[in-house]
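**Student:** Structure in structure tokens, see below.
The values are calculated or read from the model by the stated rules, or taken from the named source; none is laboratory data. Not measured: the values here are computed from a predicted model. Every residue, glycine among them, receives a Cβ derived from its backbone with ideal geometry; neighbour counts consider all protein chains shown.
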Amino acid sequence: MNKASVYLDGSLIGFHEEPEEIAEEIRGKRRRGELPKTLTVSNYDNSVYINTDKGRAIRPLIIVEDGKPKLTEEHIEKVKKDEMSFEDLFKNGIIEYLDAEEEENAYIAMEEEELTEEHTHLEIHPTLSLGIPSAVNPYPEHSHSVRTAKGDSMMRQAMGLYSPTTNIRTDTQGYYLFYPQKPLTGTKYDEKAGLTTRPIGQNFVVAIMPYRAYNIDDAIILNKGSVERALSRGSYLRTYSSKERRYAAGQRDRFEIPTEEVQGYRGEEEYTHLGEDGIANPETEVEAGGVLIGKTSPPRFLEETSELTPMEEKRKEDSKTTRPNAAGKVDWVMATEDENGSRLVKVRTRKTMPPLVGDKFAARSGQKGVVGLIEDEEDLPWSENGIQPDMIFNSHAVPSRMTVGHLLEAIGSKKASIEGEKTDGTAFEGEPKEKLEETLEKHGFRPTGKEIMYDGKTGRRIEAKIFVGVVYYERLEHLVSKKIRARSTGPVQILTRQPTEGRSRKGGLRIGVMERDCLISHGASMLLQERLMDESDETIQYVCESCGSIAVKNQIKGETYCESCGSKEVEKVKMSYTFKLLLNELKSIGIKPKLGLRDKA
Amino acid sequence: MAKGKKKIYQKYEEELPEKLLEETKKETKDLNQKQTEKVMEEVLKEYKKRQVEPGEAAGAIAAQSIGERATQMTLKTFHVAGLSEGVSVVQGLPRLEELIETRKTPKKEVCRIRPKKEIEKNKEKVVKIAKKIEETKTNDIGKVEEDLVEEKIIIKPDMEKIEKLGIEMNEIAEKIKEKIRRKPEKIEKDKIIFKPKASTLKSLRRYVEKAENTRIIGIEGIEKATLVEKEENGETRYEIHTDGSNLKEVLKTDDIDPEKTDSNSIPEIYKTLGIEATRKMLYKELMEITEEYNINKRHILLISDALTRSGRPTPIGRHGISGEKESVLARAAFEEQIKHLLKAAQKGEKDELKGVAENIIVGNPIPVGTGMVDLRIDLEKQKN
Ligand SMILES: [Zn+2]
């Protein structure tokens, strides 16, 4: 048989006859503390992989030998009494770290009861097999795993308070929530994962019901009163930076308010909010595309201008402006020096972002939706206790997705807000539904979480009982105000003369091939013509009638003629500019295209 | 038939298709003249309603109707539950691709053989046919040995096996004789001896190899014939599905129904049965794989027509329909732009701007739907 190859951190270091033996030996050394505990070794496909490098996710597991876990009650007692540390457990070979690769060689039991002779490891706790987002997700085992995974990945897009040093950070962009809250239904890992100190959402009172067709298809209704009381209100911070660059011959950029002589001067008004140093003052309002840092640069081709023209050197305007569609207030200015000793200025802008129709919200169970209506508080339904929901969520979003965790969280948090104590929703051992129901009943609520509600508009009692609970909702960073766009006319691409693409370039919405096929299928010939020609790159060209090539017009003399044959028999022809471009490109590869003209029948 | 009624029918002969007219004739048999007149009017109205309107982009709609479903199809291969191991058949999207790419032989060629009606419910007889079709080589029924001293090759069939297959020793000898072109020296009860003129060991070996690979019974290319059970009207009938296909030879077999026997290979159908059969086959197969998606059969008919209208199966794509379009611009827009443009320039081609793609490129209204209509001045009327 072939010898097994041995790899250290991905590079081949040698061969060995007995891959299992060497892997076992390395493992033994690690367990005895002779090798670092973060080293992992795995053996498969007739190769041994030893990994010591950074960036691997490793997790602790209890070592099992002969079907018995190495960790005993005795150890636990000792750790509790502080006679032994967690670290000591590693040193004594009781627990060890495994990475994803070494798990291939392990047979891990979830619970102690299910241990057999073949098992090599025992989970410290079943939840430790989850990642951080899943671990802080309440009641995940009650929902479909796909939904939970979606909820986990959306946590990363939630607005919150992602860093305690926000005030002195210069992230390119960041979204912050004004009043983030700890989740009422949490898990045992919340504290460790930082969810209690850097929360990612707020606890919403949620009523589950369809509401006047404003929440069809996953849309949600927000309470205008709540929104005005800063529910999910946040700010968008963006940092711009500029440097005083140095050039040859002692030239350098200068932070200053550009004067009229400067090439590309924007006009006096554009610079009024700048301080004497050319930098915008904190707390001044800046429009989209407005100047934040006034800067001038030396002329680019210094030698040429000084030799050929006696003209005075003209500095160029090179100010830093806010991005189009990104107005805001100047939040903070930082001036410092970079590693070369050049002055470096960073300006942070801030914009308050109240929730708007079209903003995206999500619960941790993967239930996401877009705001469909911000309803006046007085028109919303209220319960017997006079409680009005912050959010109305459509009941049709639940059955097909089977997000039972979402509903459990709702009554869990409801119970928590009554009792004033956090509900534990840790995976596999969260507070059971029966207990939650019991507590609700004890406080005079229906155990099902349903309540009698009254219509805010008519004052009549709503016939059905409405499920009301409290759910931790995240406001995701996809804000409509950053996405909304429209265009009637605007910039075009230079090469093709078709409208530009993308919001930042004031572009249009593209009619792609599929959309084109749709219009063809409908036989909407004229609409297609309008979209693809009239409103896009229509052009009028002169075409020579005798030789069929594109002719020209002399604007001064007002005459048209063909440059290739000299004929003056020239006709105006409407065509798309891209077609004219195609004709030019054909010429460039040595093909002469001819256009035959014919009167429109 | 009353004369008046006959006249009514005649009036509609031009406008209604034959089959529809026949059907209505049958249905209006008991009606009187006036009633018949009324029914015929209604029939014509309904018939016209169902016709495609002038200028409808039938091709684009057909393409979308199939394309939209195709995105939902998953890559699935599924196993036919047979009596023995079963023949796995490519299904879903890969099969759709196979069909549309009409020139390719499928990955798994399968002949679907329907036995004659009288015996299709008799398992034993169907098994017999299957045995007869399956290609069996000398290797499969016995051993070929060489006698180096005497320069002989000895064929030793497994007596049990050949008895089961119903082969005589003479038959084996005959087949091998044909293949190696030597008369057998001796035919014994359990062995056949050949003595080819082989001067070297190497040439003797070559004879042995030839003898081993001689087809004793069956049809070339049919590696395995499997019985497939089919339920029909509560009764079980049997079909034979084969691994590998040779339709031309299979159709010559006795006891099969040549009209119901087919192959899943489009090129083979074309080769043996011609273009009309290919069109029908394409329609049948396309309908079968899109069955669960409920596509209107007219779309599929249109596609089957498009794939066969040139008189030979033409695939969609670069080497087929798209690559053979009349318009230079449309061809260049599809693929390999420069190649098409240069070739067209060499030939001095002229683009008449009659299709959809080329008119979009130029910026004209496309000749579909509302773009088909135009005003024309009646010069005769202008004179007055
Ligand atoms: Zn000319």
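**Student:** Looking only at the stretch A:176-214, filter to residues that are of a type in the set (S, T, N, Q) and under 24 Å from the mean Cα position of the chain (by Cα); which one of those is farthest from A:ILE392 (Cα to Cα)?
**Tutor:** Applying the first criterion (of a type in the set (S, T, N, Q)) to the stretch A:176-214 yields A:181, A:185, A:187, A:196-197, A:202-203.
Then keep just the ones that are under 24 Å from the mean Cα position of the chain (by Cα); that gives A:181, A:196-197, A:202-203.
On the way: A:GLN181: 20, A:THR196: 26, A:THR197: 28, A:GLN202: 15, A:ASN203: 13 Å.
Result: A:THR197.
**Student:** For the stretch A:445-481, give me each residue that is without any contact (Cβ under 8 Å) to a residue 12 or more places away in the chain and touching a helix residue (DSSP H, G or I) at 6+ places or on another chain (Cβ under 9 Å). Steps first, answer last, please.
**Tutor:** Initially, the stretch A:445-481 is screened for residues without any contact (Cβ under 8 Å) to a residue 12 or more places away in the chain, giving A:447, A:458-461, A:463.
Matches in the stretch A:445-481: A:PRO447 only.
**Student:** For the stretch A:530-544, does any single residue satisfy the condition of being more than 20 Å from A:PRO499 (Cβ to Cβ) and without any contact (Cβ under 8 Å) to a residue 24 or more places away in the chain?
**Tutor:** no
**Student:** Return only the number of the condition from (1) in a loop (DSSP other than H, G, I, E, B); (2) touching a residue at least 40 places away in the same chain (Cβ under 8 Å) that B:GLY311 does not satisfy.
**Tutor:** (2)
**Student:** Same structure again: Would you confirm whether or not the stretch A:525-543 contains a residue that is within 11 Å of the ligand (Cβ to nearest atom) and among the hydroxyl-bearing types (Ser, Thr, Tyr)? Walk me through it before giving the result.
**Tutor:** Here is the first cut: in the stretch A:525-543, the residues within 11 Å of the ligand (Cβ to nearest atom) are A:542-543.
Add one more test, that the residue is among the hydroxyl-bearing types (Ser, Thr, Tyr), and what stays is A:542.
Checked against the condition, which is being within 11 Å of the ligand (Cβ to nearest atom) and among the hydroxyl-bearing types (Ser, Thr, Tyr), the stretch A:525-543 yields at least one hit.
**Student:** Scan A:SER576, A:SER588, A:SER564 and give me the residue that is closer than 23 Å to B:LYS350 by Cα and within 16 Å of the ligand (Cβ to nearest atom).
**Tutor:** That would be A:SER564, the only listed residue that is closer than 23 Å to B:LYS350 by Cα and within 16 Å of the ligand (Cβ to nearest atom).
**Student:** Further, regarding this structure: Look at B:GLN346 and say whether it is within 13 Å of chain A (Cβ to nearest Cβ), closer than 17 Å to A:LYS587 by Cα, more than 35 Å from the chain's Cα centre (by Cα) and not aromatic (Phe, Trp, Tyr).
**Tutor:** For B:GLN346, the condition - within 13 Å of chain A (Cβ to nearest Cβ), closer than 17 Å to A:LYS587 by Cα, more than 35 Å from the chain's Cα centre (by Cα) and not aromatic (Phe, Trp, Tyr) - is met.
**Student:** Could we say that A:LEU597 is away from the ligand (no atom under 16 Å from the Cβ) and either at negative phi or not aliphatic (A, V, I, L, M) (or both) here? Talk me through it step by step, then tell me what you get.
**Tutor:** On the way: away from the ligand (no atom under 16 Å from the Cβ): no; either at negative phi or not aliphatic (A, V, I, L, M) (or both): yes.
Against the criterion (away from the ligand (no atom under 16 Å from the Cβ) and either at negative phi or not aliphatic (A, V, I, L, M) (or both)), A:LEU597 does not qualify.
**Student:** With the requirement that a residue be closer than 30 Å to B:GLN72 by Cβ and of a type in the set (D, E, K, R), what does the stretch B:292-323 give you?
**Tutor:** B:GLU292, B:LYS297, B:ARG298, B:ASP305, B:ARG309, B:ARG318
**Student:** Regarding B:LYS186, is this residue under 18 Å from B:GLU135 (Cβ atoms) and free of Cβ contacts under 8 Å to residues at least 60 places away in the same chain?
**Tutor:** It is false that B:LYS186 is under 18 Å from B:GLU135 (Cβ atoms) and free of Cβ contacts under 8 Å to residues at least 60 places away in the same chain.
**Student:** Restricting attention to strands (runs of 3 or more DSSP E) lying wholly within the stretch A:499-592, give those where 1 or more residues are within 11 Å of chain B (Cβ to nearest Cβ) and crowded, with 16+ Cβ neighbours inside 10 Å.
**Tutor:** A:538-544, A:570-576
**Student:** Considering only the stretch B:222-236, I want to know if a residue exists there that is among the aliphatic types (A, V, I, L, M), in a loop (DSSP other than H, G, I, E, B) and closer than 24 Å to B:PRO94 by Cβ.
**Tutor:** yes
**Student:** Can we say B:VAL356 is of a type in the set (A, V, I, L, M) and buried (at least 18 other Cβ atoms within 10 Å of the Cβ)?
**Tutor:** Values: of a type in the set (A, V, I, L, M): yes; buried (at least 18 other Cβ atoms within 10 Å of the Cβ): yes.
Spelling it out, B:VAL356 is indeed of a type in the set (A, V, I, L, M) and buried (at least 18 other Cβ atoms within 10 Å of the Cβ).
**Student:** Let me ask another. Which one of B:THR308, B:THR314 is at pLDDT below 90, of a type outside the set (A, V, I, L, M, F, W, C) and more than 25 Å from A:LYS580 (Cα to Cα)?
**Tutor:** Values: B:THR308 fails: at pLDDT below 90.
None of the other options fit; the residue is B:THR314.
**Student:** Within the set of pairs 6 or more residues apart or between chains, which connect a residue that is at pLDDT below 90 and of a type in the set (D, E, K, R) inside the stretch A:563-579 to a residue that is in a helix (DSSP H, G or I) and within 16 Å of the ligand (Cβ to nearest atom) with Cβ atoms less than 6 Å apart?
**Tutor:** The qualifying pairs do not exist here.
**Student:** State which residue is modelled with the highest pLDDT when the search covers only the stretch B:357-384 and only residues that are over 30 Å from A:ASP517 (Cβ atoms) and of a type in the set (S, T, N, Q).
**Tutor:** Result: B:GLN382.
**Student:** Just a yes or no: is a residue in the stretch B:323-334 of a type in the set (Lys, Arg), farther than 18 Å from A:ILE591 by Cα and within 8 Å of another protein chain (Cβ to nearest Cβ)?
**Tutor:** Within the stretch B:323-334, not a single residue is of a type in the set (Lys, Arg), farther than 18 Å from A:ILE591 by Cα and within 8 Å of another protein chain (Cβ to nearest Cβ).
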